[in-house]
Amino acid sequence: MDWVSLILAISSVQPAPLVLSDEVVISGDALRLADVADLSGLPDPLARRAGDIVLARLTETTTSVSARTAAARARAALPGLSPWLPDGPDHAIVVERRGPQETVDVVAALPFRPAAAPLVRVGETLSVRAVVGPVVIERPAMALQDGWPGRSIFVRTSDGAVLTVALGGAGA
């Protein structure tokens, strides 16, 4: 096989399409692409961005979302996904939303009793910083729990998103 034939053969290979689940359970109100599809077949940079794409905001405990609509929203948010999300047959994705109250009992049962005073108190306003390559995003958030250096805490941003952030040391 000559080089031209090899290049033509490679360029005609289609990537394996992502398969959207029939049922998922999520803990927040946002259904993301990572909740409904295994993104391990995507190139790493694309998979990292694709996982955070919000496909729907949910208000009900149990609802269904059209797979075709979810795929269209993902393609609109990140056109590079088109080869992996072709417009295929539709099916319902049943989404069950479980609130944070279902994990509170597990967290409360942990025997964590730090000796030092917390670095951050519940209700304090923090500046959350995300750095991806040359891009830095800073946004204010409110601590939802006390936090100690070197530990992670939950915070709520002004748009209502709940994030986990790691706290630096006292001098960080």
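A few points about this structure:
- A protection proxy built from the mean count of other Cβ atoms within 10 Å ranks the segments 123-136, 35-48, most packed first, as 35-48, 123-136.
- For the range 19-81, a/c is not less than 1.5, where a ≥ b ≥ c are the root eigenvalues of the C-alpha gyration tensor, and a/b tops b/c. That puts it in the prolate class.
- Subtracting the Cα-Cα distance of Val136 and Ala72 from 0.36 nm times their residue separation leaves 20.2 nm of extension gain.
- Convex hull (Cα only) mean projected area of the range 114-166, reported in nm² to one decimal: 3.8
- Between Leu126 and Arg48, the simple label model (points 7 Å from Cα in the Cβ direction) yields a spacing of 2.1 nm.
- Counted residue by residue at 0.36 nm each, then reduced by the alpha carbon distance between them, the extension gain from Thr62 to Val25 reaches 12.4 nm.
No lab work stands behind these numbers, since they all come straight from the coordinates. Just so we're clear, the structure is a prediction, and the values are computed from it rather than from any experiment. Note that we place each Cβ from the backbone using ideal geometry, even for glycine, and neighbour counts take in every protein chain shown.
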